[in-house]
Amino acid sequence: MTTTESSDELYIATAEIKNHFSGSLKNSDRNYKWFLLKDYSAKYLDSDNISLKLLTSYNCITSALLDSLKPTLFTEKWQEDVYNNIFIHGIHHEAFMILVRKFAESIESYQQQKLLSLLKRFLCEKSLTHMILHQCQRSGIWDPEYAMLSKTWNDLIMFLTSLPERIANKTKGQMHKIFCAECYVPLLMSSVIKVLTSIHVKITQNHNCTLEFLGKLIGKLCVHGHSELVVRRLFMELVIHCENDYVWRKLVQNLITKMPFCSLEFFITQLLFTIPWYGYLDWILGEEGMKNEKLKCILTTKLLFIRHFKKEIILQNIIGYFAIVDSRRPIFWTIFSSLVMNWADESALRHQNFEQQKYLASALIICSGWLKEIKEISNAKALLDKVLHGTMIRIGNSEQNIRNLAMIVGNLVVLSVDSNGPQLSFEEIMDKETFENFKKLLIIPSKPGKDSTFMEEVNCFKEIESKTDKKKDQAVGKSTIESSNKISEIESDDDLEPYDTSNDISQELTKHPFYLNDCLLGLIEQENQEWFEQCLRHAENLIESNADKVHEVAVEMAKVMLHLEDKYTFPDFVTMRHRILVSLTVHCPVLVADYLTSQFYEDNYNIRQRLDILQVIGDSSQQLSQPKSSVKKIEPRNLHSAEKVPASAEKIWRTIIDQRVVAKTRHITKTKKNLSPERLENRFASVAGYFFFPLMSKYDKTTKMLKLFGEDSYVLGQLVYTLGAVMHAATNIPICEKMGHALLEFLTDVRNHQDVFVREACIFAIAAVYMSVPGYLLFSNEMTFCILESKEWLQSIIDNDSETNCQIKATYALSLILHIIENEMPLVSDLLSTAKNM
């Protein structure tokens, strides 16, 4: 087959798979697309040769596969395996980057959980190691595709180093522990060690490899603050490999030199803190500390004179590294000379705190300890005068700590340089403990033995994921055995007749949504009847269980439910839809109420939808005005759990014992407890305006689809009833006076409607105002006129209305206001009676 024919075949296969998974093609055989995907994987992804066309094809297919992710995508287990293999055993670096990018765009849903599952498998299996190894096998600057390769490396390194933070930010910390930095970084370093082992084998076989990618990756991890985890995991393995293998030493040295300068200091500093013996540093750095100017600057300048640390191990490693080999001793003498010059510099003393002085003194004493090992003290004797000068200027200092430090350095350094010559003698060194600690620095550290604490730490990070999985499997197996044993001890079902389970539906086949976004998507698509029904039935529970996240989709879901049609004629469709809308409004009152009230007067709604809006507004306002129920939903009992049997039995016995104690206890006197009513927040008080005022804003505007004062008078009556219900829900809240005043003014334009239903609604609304607004506010300056006017209208209904029901309801409403006037406003009652007599 020619290259052109192969490219055409790849293009056709890619387009066909993309069209099937994107939904543009619907084949009668549901398994057809999965067979296409399986053939594509076997034909193109098993080969190590990756062309630019295959890369483009793979990106196109993986994007289509991730876009098609939804709970109903897989009907059989083998289909999910085929899907997973495309990412786990495909083009690894492209698969990893597209998974991370898609995860960044995802929201809490089945798709997000599936992406996390794929990323977890990618990390736990060999895919991560293969991905890193593939980058090390590619050529570097001489590669014709170097520019594209550099961009790929930058993106890949960015995703690898920031994966824990990305997942934590997206999931708000609710993630598997493998994505935590404490587990992820050692796991990544385990893959790096495996890659280095493979590179070591390839180098011995005369294959070309590059360490550019590994150097950038390790450096970026150190910059991100993971230098301790990186060094601890890497160093313990490198020491083992470098002890007797010089190829490994050269490999590690080249790896360090490939690190960017901005990250090299982080790595080297942590390495010096972690290494217990300077000899290990000699294995790892070799001669690079002298040849590489960047590394040399960090070791001889930054870490000695610019920065300072509390632990002396970093000084012992740096000085020991340069003093142990003859070729590096000139740098040792340069370091010692610079330390002495700094010690004798009086101006430097004025700008250094005590910790910096102590760090400088420790370095001088450690260098002095190496003088006996080097046995070339001629250079040291030439610097002795400057040491004494630095000691004298500190002895005259007013601080006791500085004076003690000067005496200790003068005593120990002079003794080391010229043990047979005249020694400095001080009357008394104040801090004996500090002197002994500094004296220990003269001893050159020896190589740690295999029984030391350091060597016990070698395996602390090894196989983290395998140990975790083994413990988990053992725990699950143990709990399964114990539970089965307990169940068998409790009862035996050998004598029981088996139930007929031939008509039972498998629980695994009955899928239902676990996330709000999946539920919303199922309600929008309506392709699968069973899935649509499950989404409809579980929507309310999902809203209740995700009360802190429902605001993200509340308005969109309300819009979907408002326009939702009973496509499959479910018997309780109307009830479920109404309960979902009410639940949305209760949990997001501002967002949903604002949306519903704004849509009531729009043109693109029918009468049924407008009535649904009014009913939802009324019911949700009543629910918000009531305190939250303290009754919890009863969870179904798990009859297969053996651990609950003794717990429930113990609870029953505890209840029996408590009852017996109460029955046999004699009380001489009993005091009545004055229980004050529990104070609860009125959830409706702060949001009542969103339910009320927008419904009255456009009632007088006639549109083509809504004529409230014409043929749609029934909607007008329901509108007034809803306003009365909202008014009643707002009883005694701070805004109730303004609401009552606005409603009474609104009713002046509506109450004389010729439709009986509208007049009855107006009577109900007026009664709601009387009952909701406190009596002393009903006759305030703003409301007095409206109250008296409404009272006169009720009296006219009683006297003149032709409908008996209206007269009866008006009589009841009028009695309410008269009762309020007589009981709470006696002065107003006297004025009204006087006016009536006149």
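The residues on offer are Val828, Val773, Val769, Val758, and the sole one that is of a type outside the set (Ser, Thr, Tyr) and modelled with pLDDT under 90 is Val828. Among residues of region 801-819 that are within 21 Å of Leu744 (Cβ to Cβ), those with a Cβ under 9 angstrom from a residue that is of a type in the set (Ser, Thr, Tyr) and open to solvent by 20 Å² or more (accessible area, probe 1.4 Å), sequence gap 6+ or separate chain, pair up as Ala810/Ser796; Leu818/Ser829. When region 595-604 is filtered for residues that are more than 37 Å from the chain's Cα centre (by Cα) and more than 16 Å from Ser713 (Cα to Cα), the ones remaining, listed by number, are Glu602, Asp603, Asn604. Taking the numbered list (1) part of a helix (DSSP H, G or I); (2) surrounded by fewer than 15 Cβ atoms within 10 Å (Cβ to Cβ) in turn, Phe235 passes all entries but (2).
Results for (1) at pLDDT 95 or above; (2) of a type in the set (Phe, Trp, Tyr); (3) closer than 24 Å to Leu115 by Cα, shown as yes or no for each residue.
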site: Thr171; (1), (2), (3): no, no, yes
site: Gln174; (1), (2), (3): no, no, yes
site: Tyr184; (1), (2), (3): yes, yes, yes
site: Thr204; (1), (2), (3): no, no, no
site: Thr210; (1), (2), (3): no, no, no
site: Ile218; (1), (2), (3): yes, no, no
site: Gly225; (1), (2), (3): no, no, no
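Selection of region 714-735 for residues being among the hydrophobic types (A, V, I, L, M, F, W, C) and either open to solvent by less than 10 Å² (accessible area, probe 1.4 Å) or within 14 Å of Tyr690 (Cβ to Cβ) (or both) yields Val715, Leu716, Leu719, Val720, Leu723, Val726, Met727, Ala729, Ala730, Ile733, Ile735. Determine if region 286-300 includes at least one residue that is in a helix (DSSP H, G or I) and closer than 26 Å to Asn437 by Cβ. Checked against the condition, which is being in a helix (DSSP H, G or I) and closer than 26 Å to Asn437 by Cβ, region 286-300 yields at least one hit. Of the residues Asn292, Asn244, Asn254, which single one is more than 16 Å from Thr197 (Cβ to Cβ) and not hydrophobic (A, V, I, L, M, F, W, C)? Answer to the check: Asn292. A search for C-beta distances below 9 Å between a residue of region 737-766 that is among the small types (Gly, Ala, Ser) and any residue that is open to solvent by 30 Å² or more (accessible area, probe 1.4 Å), counting only pairs 6+ apart in sequence or on different chains, returns Gly740/Leu777; Ala742/Phe693; Ala761/Gln718; Ala761/Tyr721; Ala765/Tyr721. Hey, does region 757-779 have a residue that's in a loop (DSSP other than H, G, I, E, B) and either open to solvent by 50 Å² or more (accessible area, probe 1.4 Å) or under 20 Å from Phe709 (Cα atoms) (or both)? Checking region 757-779: not a single residue is in a loop (DSSP other than H, G, I, E, B) and either open to solvent by 50 Å² or more (accessible area, probe 1.4 Å) or under 20 Å from Phe709 (Cα atoms) (or both). Any chance region 322-344 includes a residue that's farther than 30 Å from Trp283 by Cβ, open to solvent by 10 Å² or more (accessible area, probe 1.4 Å) and without any contact (Cβ under 8 Å) to a residue 24 or more places away in the chain? No: zero hits.
Quick one: would you say Ser47 is surrounded by 15 or more Cβ atoms within 10 Å (Cβ to Cβ) and of a type in the set (S, T, N, Q)? Against the criterion (surrounded by 15 or more Cβ atoms within 10 Å (Cβ to Cβ) and of a type in the set (S, T, N, Q)), Ser47 does not qualify.
The lone criterion from (1) closer than 25 Å to Phe261 by Cα; (2) open to solvent by 20 Å² or more (accessible area, probe 1.4 Å) left unmet by Gly173 is number (1).
From the list Phe305, Phe309, the one residue that fits, being in a loop (DSSP other than H, G, I, E, B), over 22 Å from Asn411 (Cα atoms) and without any contact (Cβ under 8 Å) to a residue 60 or more places away in the chain, is Phe309. Of the helices (runs of 4 or more DSSP H) lying entirely inside region 45-127, the ones with 1 or more residues being of a type in the set (A, V, I, L, M, F, W, C) and more than 25 Å from the chain's Cα centre (by Cα) are found at 52-67, 77-88.
The lone criterion from (1) within 19 Å of Glu436 (Cβ to Cβ); (2) in contact with a helix residue (DSSP H, G or I) (Cβ under 6 Å, 6 or more places away or on another chain) left unmet by Glu346 is number (1). From the list Leu816, Leu744, the one residue that fits, being outside any loop (DSSP other than H, G, I, E, B) and more than 25 Å from Tyr690 (Cβ to Cβ), is Leu816.
Could you say whether any residue in region 247-263 is within 41 Å of the chain's Cα centre (by Cα) and under 25 Å from Phe438 (Cα atoms)? Looking for residues that are within 41 Å of the chain's Cα centre (by Cα) and under 25 Å from Phe438 (Cα atoms), one finds none in region 247-263, hence no.
Note on region 392-406: residues that are outside any loop (DSSP other than H, G, I, E, B), within 16 Å of Gln356 (Cα to Cα) and open to solvent by 40 Å² or more (accessible area, probe 1.4 Å) amount to 3.
The values are calculated or read from the model by the stated rules, or taken from the named source; none is laboratory data. The structure presented is a predicted model; accordingly, all values stated were derived computationally and were not measured. Neighbour counts are summed over all protein chains in view; Cβ atoms, including those assigned to glycine, are modelled from backbone coordinates with ideal geometry. Ligands, DNA and RNA are stripped out before the accessible areas are found, and what is left, the full protein with its side chains, is counted by its heavy atoms. Shrake-Rupley method; radii C 1.70, N 1.55, O 1.52, S 1.80 Å.
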